[in-house]
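Below: one structure, written as structure tokens.
The values are calculated or read from the model by the stated rules, or taken from the named source; none is laboratory data. Since the model is a prediction, treat every value here as computed from it, not as a measurement. We work out accessible area using only protein heavy atoms, side chains counted, and drop any ligands, DNA or RNA first. Shrake-Rupley method; radii C 1.70, N 1.55, O 1.52, S 1.80 Å.
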Amino acid sequence: MTTNSVTNGVTDPAYQQAPLMQNKNLGQADFLRLMVAQVQNQDPLEPQQNGEFIAQLAQFSANDGITNMQKSLEQLANTMQSSQALQASSLVGHKVLVDSSTIALEKTGESKVQVEVPEGVNTLKAYIYSKSGELVKTIPLNDAKSGVHVFSWDGTNDGGQRLEEGEYKVKVNAMQAGQEVALNTMTTANVNSVSFGLYGAGMTLNVSGIGPITLDRIRQIDL
């Protein structure tokens, strides 16, 4: 009796009517058809051992579990992307606090800046620069303590004149162990729009005066 091989040809008509998928990866249905064809075409004088059959069943079960897990992960990723997109869209028109040195001065009112003050520093000073790089205001921060310190700029220069609305830069320096160090600043700006990447990936907020930022850079939301 000639033993038929799954790889050399299968005589089962039902199997021939359902050829394997043309891609390189076997799917769940392909794997099951191979098992059925192997049992139907095995040599009756040398049947497949129970242990081998059980091992194949275990492999089939593992393949099925991996397929289901992949589908679940895809569904979870899609849900998270949709939730993140909804959250980002709701921020349009609101102000957010982010790590930045850009100040957006409006026609009226003050601009607030937050600075992270470490232990052991003193003689803090904030410097406001125009877009062209000209120093227009120096603000002493003598009451700044360690932690997050908030101060305001009233929009005037050192001569007390109100400056034009627009973008300005802020730098905060301090003395530490006899050396001048730059401190991290945070400013508030308006969210103008949201950009979505391919399939929802790479989503960014377009913040006025700062540009595109990711959600994880937001420190605070002003609702």
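Quick one: of 107/171; 112/171; 95/131; 145/169, which pairs are farther than 18 Å apart, Cα to Cα? The partial results should precede the final answer.
Working: 107/171 22 Å; 112/171 13 Å; 95/131 21 Å; 145/169 23 Å.
Checking Cα-Cα distances, 107/171; 95/131; 145/169 exceed 18 Å.
Taking all protein chains in place and a 1.4 Å probe, what share, in percent, of the accessible surface of region 81-189 do carbon and sulfur account for? Mind dumping the intermediate values first?
Details: 2810 of 6090 Å².
C and S fraction of accessible area: 46 percent.
Would you mind calculating the gained length between residue 92 and residue 164 on full extension (0.36 nm times residue separation, minus the Cα-Cα distance), in nm to one decimal? Kindly include the intermediate steps, with their values, before the conclusion.
On the way: separation 72, 0.36 × 72 = 25.92 nm, distance 2.52 nm.
Answer, rounded to one decimal: 23.4 nm.
Under a cut-off of 23 Å between alpha-carbon atoms, report the lysines in cross-link reach of residue 71, not counting same-chain residues fewer than 8 places apart.
24
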